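K.L.:
Questions regarding the structure given below will be posed in turn.
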Amino acid sequence: MRGAVRERVVLAPYMHLRIGGPADWFLEPYAEEDVALAVRACRERDVPLRVLGGGSNVVIADEGVRGALLHLPSLNRIQRDGNRITAGAGVTLPSLLRAAKEAGLAGLEKLTGIPAMVGGAVAMNAGTRDGETFEHLVSLTLVDRDGNVVVHGRDRFRACYRDGGLDDAIVVQATFELTPDDRQAIAARFSASLKQRNASQPVSMRSVGCVFRNPAGDAAGRLIEAAGCKNLRIGGIEVSPVHANYFVNDGCGSAAEFVALMGEVRARVRKTFGVELAPEVKFWGF
Ligand SMILES: Cc1cc2nc3c(=O)[nH]c(=O)nc-3n(C[C@H](O)[C@H](O)[C@H](O)COP(=O)(O)OP(=O)(O)OC[C@H]3O[C@@H](n4cnc5c(N)ncnc54)[C@H](O)[C@@H]3O)c2cc1C
């Protein structure tokens, strides 16, 4: 495999929350065929394999994760073909949005402010109340569980709320169909979305975004706040005073404290409202 293969790499610096112990193996393949080789190598050796994107929706255990982690920053090409833009899985969402804006192609503004790589945004079907990643997706290049590179149209996938339905395949490239529009109009929509996000979320803090899924017909943040959990703290992790469904790390927090705070918040919401909150964030190594 071309690219970097490292042993016992501490993951905290790769995580938005800045928490996480080491992965046994940390693989950074150079190109999509190297991703396929890595998948096959891990399969042959019975090594569990996960893909890490921008690390903004995952909490890694303090003890780390066993097996191998794929990280794909080298898949960072963005190509334009008419109204279509193709981006590698390792392109950051802000870079993709900037490229679309500069090309005068509209649609992706609804994803403004979501910290992700393209692969993670597709895998999670990241979105806002204005729309989701899959809306503009045309096709995906994937490496499947057997290590084959395959291309599928969007209709192949059953994307739903915060789930692209990829069935453990690895995204290496995604193509989006966008709509030509005036650059200034696109830029204005970007700014409006960013302004709104900056006012309502602790964007400059270390977090994993929304910790719990919204229960049907309600908002997890509202329930957490109404159950008196705002500013609740365990060690270095606190329920954000800005948005109660965000837990923020003051720089000294641990994964154990994050999980303990989740437990306390769930218990209080259950006791006050009889509602069982379900996690939106993923946990690795627990
Ligand atoms: C401040 C903040 C605000 C947020 N706001 C939003 C929001 O408005 N809307 C929203 O939907 N989310 C939001 N999130 C959550 C997060 O940004 C999204 O879930 C995002 O899609 C995660 O992308 P990532 O690249 O960071 O993936 P990671 O967190 O690294 O991984 C998430 C999942 O995607 C999988 N994955 C990553 N890359 C690939 C790949 N190439 N192929 C296959 N699977 C892959 C991982 O294995 C994992 O299961 C927010 C998070 C933060 C910290």
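The values are calculated or read from the model by the stated rules, or taken from the named source; none is laboratory data. Keep in mind the model is a prediction, meaning the values are calculated, not measured. Using ideal geometry, Cβ is built from the backbone for each residue, glycine included, and neighbour counts are taken over all protein chains shown.
K.L.:
Got a number for residues in region 244-260 being more than 16 Å from the ligand (Cβ to nearest atom) and either of a type in the set (Val, Ile, Thr) or in contact with a strand residue (DSSP E or B) (Cβ under 7 Å, 6 or more places away or on another chain) (or both)?
P.N.:
Taking region 244-260 first, the residues more than 16 Å from the ligand (Cβ to nearest atom) are 252, 254, 256-257, 259-260.
Narrowing the set further to residues that are either of a type in the set (Val, Ile, Thr) or in contact with a strand residue (DSSP E or B) (Cβ under 7 Å, 6 or more places away or on another chain) (or both) leaves 257, 259-260.
Within region 244-260, residues that are more than 16 Å from the ligand (Cβ to nearest atom) and either of a type in the set (Val, Ile, Thr) or in contact with a strand residue (DSSP E or B) (Cβ under 7 Å, 6 or more places away or on another chain) (or both) number 3.
K.L.:
Sticking with this structure for a sec: Only one of (1) modelled with pLDDT under 95; (2) crowded, with 19+ Cβ neighbours inside 10 Å fails for Ala216. Which number is that?
P.N.:
So the condition that Ala216 fails would be (2).
K.L.:
Right, next: Here's a check for you: in region 135-162, which residue that is among the acidic types (Asp, Glu) and not in a loop (DSSP other than H, G, I, E, B) is surrounded by the fewest Cβ atoms within 10 Å (Cβ to Cβ)?
P.N.:
Asp155
K.L.:
For residues that are in a helix (DSSP H, G or I) and in contact with a Cys (Cβ under 8 Å, 6 or more places away or on another chain), scanning just region 242-286, find the one that is surrounded by the most Cβ atoms within 10 Å (Cβ to Cβ).
P.N.:
Val265
K.L.:
For Pro202, which of the numbered conditions (1) touching a residue at least 12 places away in the same chain (Cβ under 8 Å); (2) more than 11 Å from the ligand (Cβ to nearest atom); (3) surrounded by fewer than 20 Cβ atoms within 10 Å (Cβ to Cβ) fails to hold?
P.N.:
Exception for Pro202: condition (2).
K.L.:
Is it the case that some residue within region 125-132 is more than 13 Å from the ligand (Cβ to nearest atom) and in contact (Cβ under 8 Å) with a residue 40 or more places away in the chain? Full working, then the answer.
P.N.:
Looking only at region 125-132, we keep the residues that are more than 13 Å from the ligand (Cβ to nearest atom), and these are none.
Within region 125-132, none of the residues are more than 13 Å from the ligand (Cβ to nearest atom) and in contact (Cβ under 8 Å) with a residue 40 or more places away in the chain.
K.L.:
Out of all the residues in region 180-227, which are of a type in the set (Val, Ile, Thr) and over 22 Å from the mean Cα position of the chain (by Cα)?
P.N.:
Matches in region 180-227: Ile186, Ile224.
Residue-wise test of (1) in contact with an Asp or Glu (Cβ under 9 Å, 6 or more places away or on another chain); (2) assigned by TED's automatic domain parsing to the domain that holds Val51; (3) hydroxyl-bearing (Ser, Thr, Tyr).
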site	(1), (2), (3)
Ala103	no, no, no
Ala106	yes, no, no
Lys110	yes, no, no
Pro115	no, no, no
Val118	no, no, no
Met124	yes, no, no
Thr128	no, no, yes
Val138	yes, no, no
Val143	yes, no, no
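K.L.:
Pro94 is checked against (1) out of contact with any strand residue (DSSP E or B) (no Cβ under 9 Å at 6 or more places or on another chain); (2) over 29 Å from Asp146 (Cβ atoms); (3) in contact (Cβ under 8 Å) with a residue 60 or more places away in the chain and fails just one. What number does that condition carry?
P.N.:
Of everything listed in (1) out of contact with any strand residue (DSSP E or B) (no Cβ under 9 Å at 6 or more places or on another chain); (2) over 29 Å from Asp146 (Cβ atoms); (3) in contact (Cβ under 8 Å) with a residue 60 or more places away in the chain, Pro94 misses just condition (3).
K.L.:
Another one. Consider Ser191 carefully, then state whether it is under 19 Å from Lys110 (Cα atoms) and more than 12 Å from the ligand (Cβ to nearest atom).
P.N.:
Details: under 19 Å from Lys110 (Cα atoms): yes; more than 12 Å from the ligand (Cβ to nearest atom): yes.
Spelling it out, Ser191 is indeed under 19 Å from Lys110 (Cα atoms) and more than 12 Å from the ligand (Cβ to nearest atom).
K.L.:
When region 163-179 is examined, which residues are found to be more than 9 Å from the ligand (Cβ to nearest atom), exposed (fewer than 14 other Cβ atoms within 10 Å of the Cβ) and under 18 Å from the mean Cα position of the chain (by Cα)?
P.N.:
The answer is Asp163, Gly165, Asp167.
K.L.:
For Ala38, which of the numbered conditions (1) surrounded by fewer than 22 Cβ atoms within 10 Å (Cβ to Cβ); (2) touching a Leu at 6+ places or on another chain (Cβ under 8 Å) fails to hold?
P.N.:
(1)
K.L.:
A further question on this structure: Would you call Leu111 over 27 Å from His243 (Cα atoms) and buried (at least 16 other Cβ atoms within 10 Å of the Cβ)? Outline the logic, then answer.
P.N.:
Working: over 27 Å from His243 (Cα atoms): no; buried (at least 16 other Cβ atoms within 10 Å of the Cβ): yes.
Judged against the criteria, Leu111 is not a match.
Yes/no per residue for (1) touching a Phe, Trp or Tyr at 6+ places or on another chain (Cβ under 8 Å); (2) farther than 16 Å from Asn57 by Cβ:
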position	(1), (2)
Ala87	yes, yes
Met117	no, no
Val150	no, yes
Cys160	no, no
